[in-house]
Each structure stands twice: as C-alpha cells, then as structure tokens.
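Right, one structure below, let's go through it.
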Amino acid sequence: MIEQAPALILLFPFFASIIVALAGIRVPGVSFPLTVISMFASVLSSVAVLVRVMNDGVIRYKLGGWEPPMGIEFRIDALGALVATAVSAVGLLAAIYSKRQVPAETGDRVSQYYTLYLLLMTGLLGMVITGDAFNLFVLIEVSALTSYALIAMGPRRASLAAYKYVIMGTIGASFYLLGVGYLYIKTGSLNMVDIHEQLIARGIFDSTAILVAFILITVGVWIKMAFFPLHAWLPNSYAYAPTTSSAVLGPLVTKVMIYVMIRLTFTVFGADYTFGQLEWSEVVVWMSVAAILVGSISALAQTDLRKMLAYLIIAEVGYMVGGVWLADDIGLIGSIYHIIADAFMTLCVFLFAGIIFAKTGKRDLNALDGLFTKMPLTMVGFLVGAFSLIGIPPTAGFFSKWYLIQGGIASGNWEYVIALLVSSLINAVLFFRIIEIAYFGAKPAEGHGDHHHAESHDSKISEAPLSMLFPLLATAALLLAIGLYNKDIVAIIAEFVSLSNLGAILP
Amino acid sequence: MSSSVTSFTPVLASIVSLLAVLPIVLLGRSPNAREGATFVAAFIKFGLVVSMLPAILDGKTVEYTIWEIVPNLEIAFRVDSVGMLFGLVASFLWIITSLYSIGYMRGLKEHSQTRFFSFFAVSLSATIGVAFAANLFTLYLFYEMLSLATYPLVTHHQDKEARTGGRTYLTYLLTTSIGFVLPALIFVYIKTGSSMDFVSGGFLQGFVGPTETLILLLLFTFGFAKAGLMPFHSWLPGAMVAPTPVSALLHAVAVVKVGVFCIIRMFTGVFGIDFLKGLDLGEVITWIAAFTILASSLIALTQDNLKRRLAFSTVGQLSYIILGVALLTPQGVTGSMMHIGMHAFGKITLFFCAGAIFQATGKKYISEMVGIGKRMPITMIAFFIGSMSVIGLPFAGGFWSKFYLLWGTVSDGQHAMLVVLLISSFLNAAYFFPICFKAFFCSKEESLFEARTEEAHPCSVAALSVTAVLSVVLFVYPEPFFSLAEYATAYYMSL
C-alpha cells in the first residue's frame, strides 16, 4: 500500500468523484462524507509520501509500469511532497466547511458540486506530483474546467465571471501547450527531467525555438496564476463564486500554478538558463513589484469583502513570482514557503468571508458590524489570518516575509523589499478597517458613555456552526504552527533549493 | 559578568500574566474574584522578578532558551541588570495600577471590564518579554505583541474619539515597526549572520560601514516609535483617549518605556557604545532628542487638557532617556537607565491624580481645576510630589537620574546638551507648578469647588499615595535602581 502512496494521493479523490457522480444522484447524502473521507485519505497519503521522500529521496513512480520517457511518470521530490500535503490539507478543510453551504448556495446540486470538487482536487494534486509536461497540461485543464463550473454555480454574476475566466484560462492553457509542443519538437521528449537532459545533451539552449517555448510556457502559466497584468479574470470569479468554491479555489489555484512555474523553471529549463542566460530577472522583479502594489492598492478600493481578498491574492502572487526571480537561494526558499503559508492564510480569510456571508447574507464590509461580541471565536480565527497577511510574528506570514525580504536584500533588489513592506502596511490598513467595523460598529457612538450601541443591531446573528468553525480555527492553528515550525519546513524546502544550482550562477 | 544561571523563571515571569487571562475571563461574572485573579498574577509576577534580583546583583545573568525558530536565531530570555531594572518597575507598578484600576473602573462604571483586565494582563506579559528578551528577534516579537495587545485598551470606550485615537496609535506604531525596524532587523541578520544576542560592545562592529551604521541607527531609533521621538510622537497624545489606568501604566511606564528600553538595547547591546563613539554618531541622536525635549515641553505648556499635558511631558522625558544614552558617557548611560525607574514612579503618580480628579469631579481641563486642592488634598499633594520628581527637584527620586544626566553632559564637554536639560527643567516647572499653585492658593471667589473634602474611590487614593511616597523614598534610597544601572553601564561599556 505504502508503495502506491504517490498514486493514491490523487486516486482517492478521483475514484471518489466517480462514485459521487454515480451514486450521488440517487443518494445526495453520500456526497459530503465521501468527499471528506477521500480527502482525508489523500492527506494521509501525502504525508506518507513526504516522510518517504525525506528519508529516501526522490520517488519516481511509473504509472502502469511504463518506462519513461514513453510512459507517464510521477516524480515526487521534497518540494512536490510538501506542496501536495498542503494542497490536500486545504482541500480537506475547505470540504468540511462546505457541508452546509453547498446545499444552500448551489441550489441542491450537491452531487454535481462534489463530483467537480473532487475532480478539481485530482487535477491540482496531479499537477503537483506529475513529472510529465504533457500530463501536466491535461491536469491543468482538468482543474481549470472544473473550476469554471464551480464558479458558475454561483449567482448570476458568477456566470459572467466564469465566462471571462474560460476565455483567459483557455488562452493560458493554449500558450502552455504550444510551448510544450516546441520543446517536444526540439527534444523528442515530454518527460520533464528527460527534456532537461536532452536540452543539455543536444546543446540547444541557444536555439530560438527554446526561447519561444520558454516565453510561451511562462506567459501561459502567468495567465493561469493571475500575475499582473494578466489578472483580470480573477477578482470577479472569486468574489461571485459560491463561498465554498472560492474557499478552495482562492487558496489553491494560483499557488499550484506558482509551483508549476517553479517546477518548469528549475526542472525543465534549469536555473542556468532562466537566470543565467536570459537576463530578465530585473524586469520580472519589477513586474512583481507592480503586481504587489496594484493588487494591494486595488484591494483598498473594495467594499466587497471577498473582492478585497481576491485582489490580495494578486498581490501575493507578486510576492511569490518576485521571490523566485530574485534568483537568490533565500528568495526561492521564501517563495516556496509562502506557497504553503499563503495557501492557509488565504483559506483562513476566505473561510471567514464565507462564514460571514452564510451568517449575514451580506457581502460588503458593513456586514461585520459588531461581530466581536456576536461571533467571538470566528473573529479569533479571522484575526490570526489577518495578522498573518499583515506579517505579524509568530504567524506564518511573518516568516514568509522574513525570508522574502532577506532574499530581496541579499540580491540587492531594494524595490522588491520596499514593495513587500508597503504591501504589509496596506494589509494592516485593510484588516484593521475590518477590525474597526467589527469592534466599533459601522457607526460608532459619539462621545463617552453610550456603550450599548451593539444592541440596536440584528441580534439574531450568533456564533457559526461547528462545521464552519472547525476548519477556520484549525486553519488558524495551522498558521501558527507553520510559523513556529518554519525552520523544519524550510529544511524540507532547502532540500529542493540546494539542488537548484542557484548559488552557482550568481555573480 | 560572564557567569549565567539557566532558569525557567524569566519565561514564567513573562507568561504568568498571559496565563492569568484564562481565570480572568472565566471569572468575568464575579468582579471580585476576577480582580483577585489579577492581583494573584501581579504578585506572582513581581515575586518571580524579585526572586532573580539577588543573582543579578551578584553579577550573574539568568537565561533560558525556548527554541530555535529560524536557523541560528532563538527565542530566548536573558535577564541582565538593565532588564531587571525595567522588569522590576513594570511588574511592581502593575500591582499598584491594578489597585487603582479597580477604583477607577468601578467608580466610573465602565463597560467590558473583563476585556479590559484581560488585555492589561497580556500587555504586561509582552512588557516583561521585552525586558527579558535575550536578542533582537525576541525583542521584536514582544514589541509587536505589545502594540496589538494595547489596542483594545486604548480604544476601550469604543466611540468615535477612541476610533480616531486607535487609528493614530496603530498607524504610527505599526508603520514604524514594520517599515523601519523589520528591514533593519533583517539587514542586521544578513550582515552579521549571528544570533543577534545583546552583548557588551555590541555585535555590529566589523560587519557594517559607517553609512550603513548611521542608517541602521536612525531606522532603529525612529522605528521603536513607542519611545515617542519626534516626529513620531503623535500617537501618544492620541492614546490619551484610553481610560486613565491605561494611560498611567502603559503610556507612562510600560509601553513608552519599552520604546526607550529598546533604544537603550540598540545603543548598548547591538551597536556598542564604543563603536558609536568611534564613528561619532551619538551626536545625531542627541540633537534629535534635544529638539524633542524642548519642543514637547513648549507644546505641553499650551495644553489645557491635563492628560494631554502629561502626555507631552512624557514625550519630553522619554527623550531625556534617549539623550542620556546617546551622550555615550558612563554617567549619561547610568542616568538614562535610572530615569526609566525614576520617571516611572513620578509620572504614574501624576496620571493617577489626573484620573482621580476625573473620577471625583469629572474635570479634564486644567482651567477647571482652580481650588481643587481643598476638595482633594491628598491627590493634589501627591500631584505636587510627582511634579517634583519629573522636574528633577530634590526630595524626589527624579533628582538622581537628572543629576546623572547632567553629569553625563559635563563629563564629556557636551555643554549644549547641558543647556538643553536646564532649559527643559525650567519648562517642566513652568507647566506643572501653576497647576499645584492654583489648586491650593486661590481666593474663595476664584475657587471652582465647594470647601468640603471629597476624594476619589479609596482604592485609587491608596494607589496614588503609594507611588507618591515611593517617589520620595527613592530620593533617600535610590536602590536597587542605582546599583542596577551602574552594573549595566559597567558591563556594556566594559568599564
């Protein structure tokens, strides 16, 4: 069984999705438990794989026993195992949250929802562990098509947002496929490691075709991760989707695409080529600075809670792209650590937004009026997520900034350091605005003495049910744990980074 | 000074008040038991701090490492003499302030008292954490914790004014700590690769050039904005919207002293006095501090709101401490450390008095306090003693720290600073004595109060009497602050 763990990571959700699709139509009640169980099994498999990778090194799993480069290979190193664990855990927590909200928000299309949900997880987890560039394309499309549908299940405006996403996402995927085509023509291989070996063996790094392939693949992946200025599809999609969908898409889709970018950059093209031969680092870091600032400032202009969070995702994508293109060991460690940290931070605040929507039925910030007294535990969970996004120690977000800023200083990219600090401060403004509304009420009383304004509001609002509260508080606890144990996580990441050759190419 | 004792006590001393939050919240429905929990925690905390005093006076340090959080960087506690000095002041005054708070909060029938006492306890944990932090990283951790834990206290009234005050508070404190201190911290970490422990002579020498040192010095000095150095001082008058016990303990002692304490740590344990002297960088900071001292004293003169006047006075007094350490002379550093303790007792007395006046009469403005000495004699005598201590007149503890600060300026020929300190003392007298004078000496027609005597809640009066008496005691017997400051100076300046 443990030998098959790499495949089981995604086979559990995959088979569960088939069962849900078939059985769920007659017995919708089976969908939720099956989803949670299969996601839980997937988390266990990921952890087992992570432990094995840490002990024995890279796992190469040949699907169906076919030898690469002909057959499809799952190739799991420390990075893949770590991200897979985070992705499956987020999938599990978001699934638990969805218990009440799926029937409420999708008009009783419960089995359809969970079928898509499980397929989405299959796609995302597959992207993380596959070692095959074409297989990656298939999985990107699996996760993309399911996310279009998951978003479109929302209210009317969601359909339009999903349509925009379909157009943009399809362009991105086509770019990627085209790039892989170029690589296939030049190297005759689709296996990532094999492509890299062929590139070296044939000495064709100078070829224009490889340059074109690199550009196509990078731009394709950037569209998929909503890297500014290719981000237009994201805000409305995540703001109008059902809260259960945005709770899983928001944390995962962009983060997994960052992982894909790192994977392609380092495993397929190699650090020598990306940062040594092409001198684009400066430009891309400046683009990420723009992404961080535009994302943060746009978030300031929002009054819709989830839209604000969606713009923050765009800023966070800038953090990670910038961190990778600093071409610095610690910057790369920071970026990868931030994939993990940000997945849970985003999950935390999107779960919070979902709970608020479920409880008050409102999307704007004023819905939070006086919630500290009405929903104290929910607010505690939110505070941890907010502090993490601001970067207050000892939450996970502080340590990702810690490593990213170190990378920025060490590589001399001060513009990136300043952008990170400015974005932290803007996040502080954003979240303290929310805290103020929840603490003072939307219209605080004039003068001292009138402390009972909270009573005039809708007193029916009470603490969230356990199925919502548990994932929120678990995520908050995880954020603290990820922060406090950052050294151990970084040790795993360093395993990957030490093989990336980054140190060698720096001036 | 090299010998050290490993003990869990410093950690306990910090977290005991954090743990007290649980009983405080659980006992929220019965106020007496809840306040009992606060008192028990406060006494245990003070007891734990005092229990380490003999070892410190013996020339040892008490250390405990919790864990290595980032490669090479630990969350660690280390109690040395200057940390002990600050720890003693903060934990002792917490007991007195708890007594005072009970009188104040009940006297005014404030809402959400459980929340108030809970966050008060958390703030004290953070304060002691800063005092006993062994390295820059741990220090920063607790510094941030303190900013956030005090926010609900500052904004306690939850009205429009509190919201504005709270906004200013966090804007200043978070902008400076995230914008200035954090990058400086990471820069230092990269450059030195060290564990950033505070050591004699600092650990920066040899790793950074003169320009970098100047920039780092400015980033740290302004970044720890809790010290209220101009132009980052406006949060302090803004924070006066808080209930008075908060202003008294946090914004005259704990929070602001954390700011100057951090700056003292930077000068002594990070940069090193000799290193700064070699680069002649102390002068930059002394001039900024001198400007702050004079400007804030002049502004204080114009304030009619008593708490705001006290706040501006605090801004000035904090800069005395910064100026003292930036003089880079042994007497200056000693005076600066002693001033942490001496000013604390004097200023907390003044705030207690301001709160007692508000409790008993509802008056906030100085112009409304003519003749109040007849109505509240104990309070106003305490106020007079507190003023003397803050001005630095004999028969109050403040005299000694001022004396050392003046000596510090003379010993190195920094006469301009001597003049600044003297002018400031004169200004201090100018903004305090008229209040005392008008309180007692006015004709019947001028007096705004009836002749009957009526003090505030007994708990409050007891608290302010204790701190006033102690201010005088500290003049006669300035121990242990004096020894602790001397030890610390000797250690950090390798004398």
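The values are calculated or read from the model by the stated rules, or taken from the named source; none is laboratory data. Please read all numbers here as calculations on a predicted model, not as lab measurements. Cβ atoms come from the backbone with ideal geometry, glycine included; neighbour counts cover every protein chain shown.
Of a type in the set (A, V, I, L, M) and within 20 Å of residue B:376 (Cβ to Cβ), is that true of residue B:429?
no
Is it the case, given these coordinates, that residue A:55 is surrounded by 19 or more Cβ atoms within 10 Å (Cβ to Cβ) and over 30 Å from residue A:348 (Cβ atoms)? It is false that residue A:55 is surrounded by 19 or more Cβ atoms within 10 Å (Cβ to Cβ) and over 30 Å from residue A:348 (Cβ atoms).
For region B:218-233, a residue qualifies if it is outside any helix (DSSP H, G or I) and under 14 Å from residue B:259 (Cβ atoms), and the qualifying residues are B:224, B:228, B:229, B:230, B:232, B:233.
Only helices (runs of 4 or more DSSP H) whose full extent lies in region B:108-217 are considered here, and the ones with at least 3 residues that are more than 14 Å from chain A (Cβ to nearest Cβ) and either surrounded by 19 or more Cβ atoms within 10 Å (Cβ to Cβ) or among the β-branched types (Val, Ile, Thr) (or both) are B:113-132. Regarding region B:325-348, can at least one residue be identified that is farther than 27 Å from residue B:489 by Cβ and assigned to a helix (DSSP H, G or I)? Looking for residues that are farther than 27 Å from residue B:489 by Cβ and assigned to a helix (DSSP H, G or I), one finds none in region B:325-348, hence no.
Number of residues in region A:410-434 that are in contact (Cβ under 8 Å) with a residue 60 or more places away in the chain, under 19 Å from residue B:168 (Cα atoms) and surrounded by fewer than 21 Cβ atoms within 10 Å (Cβ to Cβ): the value is 4.
Is it the case, given these coordinates, that residue A:367 is surrounded by 21 or more Cβ atoms within 10 Å (Cβ to Cβ), more than 9 Å from chain B (Cβ to nearest Cβ) and more than 27 Å from residue B:187 (Cβ to Cβ)?
On the way: surrounded by 21 or more Cβ atoms within 10 Å (Cβ to Cβ): no; more than 9 Å from chain B (Cβ to nearest Cβ): yes; more than 27 Å from residue B:187 (Cβ to Cβ): yes.
In short, no.
Among the residues of region A:77-107, the ones that are touching a strand residue (DSSP E or B) at 6+ places or on another chain (Cβ under 9 Å) and crowded, with 24+ Cβ neighbours inside 10 Å come to 3 in all. In region A:230-283, the residue that is surrounded by the fewest Cβ atoms within 10 Å (Cβ to Cβ) out of those that are small (Gly, Ala, Ser) and within 22 Å of residue A:155 (Cβ to Cβ) is A:232.
Residues checked against (1) hydrophobic (A, V, I, L, M, F, W, C); (2) surrounded by fewer than 20 Cβ atoms within 10 Å (Cβ to Cβ); (3) assigned to a helix (DSSP H, G or I); (4) within 16 Å of the chain's Cα centre (by Cα):
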residue: A:124; (1), (2), (3), (4): yes, no, yes, yes
residue: A:138; (1), (2), (3), (4): yes, yes, yes, no
residue: A:145; (1), (2), (3), (4): yes, yes, yes, no
residue: A:154; (1), (2), (3), (4): no, no, no, no
residue: A:158; (1), (2), (3), (4): yes, no, yes, no
residue: A:162; (1), (2), (3), (4): yes, no, yes, no
residue: A:166; (1), (2), (3), (4): yes, yes, yes, no
residue: A:171; (1), (2), (3), (4): yes, yes, yes, no
residue: A:174; (1), (2), (3), (4): no, yes, yes, no
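Please verify whether residue A:358 is assigned to a helix (DSSP H, G or I) and modelled with pLDDT of 90 or more, treating the condition exactly as stated. When the stated conditions are applied, residue A:358 does not pass them.
If we scan region B:55-63, do we find a residue that is closer than 13 Å to residue B:11 by Cβ, crowded, with 18+ Cβ neighbours inside 10 Å and not polar (S, T, N, Q)?
Pass one, region B:55-63, residues closer than 13 Å to residue B:11 by Cβ: B:62-63.
If we keep only those that are crowded, with 18+ Cβ neighbours inside 10 Å too, we end up with B:62-63.
Narrowing further to those that are not polar (S, T, N, Q): B:62-63.
Taking every residue of region B:55-63 in turn, at least one turns out to be closer than 13 Å to residue B:11 by Cβ, crowded, with 18+ Cβ neighbours inside 10 Å and not polar (S, T, N, Q).
In this structure, is residue B:74 more than 26 Å from residue B:470 (Cβ to Cβ), at pLDDT 85 or above, more than 23 Å from the chain's Cα centre (by Cα) and within 14 Å of chain A (Cβ to nearest Cβ)? Judged against the criteria, residue B:74 is a match. With respect to residue A:308, is the statement that it is among the hydrophobic types (A, V, I, L, M, F, W, C), touching a His at 6+ places or on another chain (Cβ under 8 Å) and either within 14 Å of chain B (Cβ to nearest Cβ) or part of a helix (DSSP H, G or I) (or both) true? The answer is no for residue A:308. Note on region B:367-434: enclosed helices (runs of 4 or more DSSP H) holding 3 or more residues that are under 22 Å from the mean Cα position of the chain (by Cα) are B:377-391, B:398-411.
Against the definition (within 11 Å of chain B (Cβ to nearest Cβ), crowded, with 20+ Cβ neighbours inside 10 Å, in contact with a helix residue (DSSP H, G or I) (Cβ under 7 Å, 6 or more places away or on another chain) and at pLDDT below 85), how does residue A:440 come out, yes or no? In short, yes. Answer yes or no: is there a residue in region A:374-385 that is assigned to a helix (DSSP H, G or I), modelled with pLDDT of 90 or more, within 8 Å of chain B (Cβ to nearest Cβ) and in contact with a helix residue (DSSP H, G or I) (Cβ under 8 Å, 6 or more places away or on another chain). No, there is no match, as no residue in region A:374-385 is assigned to a helix (DSSP H, G or I), modelled with pLDDT of 90 or more, within 8 Å of chain B (Cβ to nearest Cβ) and in contact with a helix residue (DSSP H, G or I) (Cβ under 8 Å, 6 or more places away or on another chain). Scanning region A:409-419 for residues that are in contact with a helix residue (DSSP H, G or I) (Cβ under 6 Å, 6 or more places away or on another chain) and more than 9 Å from chain B (Cβ to nearest Cβ) yields a count of 4. Filtered by the rule that a residue be within 9 Å of chain B (Cβ to nearest Cβ) and touching a residue at least 12 places away in the same chain (Cβ under 8 Å), region A:388-407 gives A:390, A:391, A:393, A:394, A:398, A:399, A:401, A:402, A:403, A:405, A:406. Every condition in (1) crowded, with 23+ Cβ neighbours inside 10 Å; (2) closer than 21 Å to residue B:472 by Cβ holds for residue B:377 except the one numbered (1). Any chance region B:436-450 includes a residue that's farther than 22 Å from residue B:356 by Cα and of a type in the set (S, T, N, Q)? Yes, because at least one residue in region B:436-450 is farther than 22 Å from residue B:356 by Cα and of a type in the set (S, T, N, Q).
Within the set B:445, B:368, B:455, B:450, the sole residue that is surrounded by fewer than 20 Cβ atoms within 10 Å (Cβ to Cβ), closer than 22 Å to residue B:313 by Cα and acidic (Asp, Glu) turns out to be B:368. On the basis of being more than 18 Å from residue A:35 (Cα to Cα), touching a helix residue (DSSP H, G or I) at 6+ places or on another chain (Cβ under 8 Å), part of a helix (DSSP H, G or I) and touching a residue at least 40 places away in the same chain (Cβ under 8 Å), does residue A:94 make the cut? Spelling it out, it is not the case that residue A:94 is more than 18 Å from residue A:35 (Cα to Cα), touching a helix residue (DSSP H, G or I) at 6+ places or on another chain (Cβ under 8 Å), part of a helix (DSSP H, G or I) and touching a residue at least 40 places away in the same chain (Cβ under 8 Å).
Which one of B:59, B:87, B:83, B:103 is in contact (Cβ under 8 Å) with a residue 12 or more places away in the chain and not in a helix (DSSP H, G or I)?
Working: B:87 fails: not in a helix (DSSP H, G or I); B:83 fails: not in a helix (DSSP H, G or I); B:103 fails: not in a helix (DSSP H, G or I).
Sole residue among the options that is in contact (Cβ under 8 Å) with a residue 12 or more places away in the chain and not in a helix (DSSP H, G or I): B:59.
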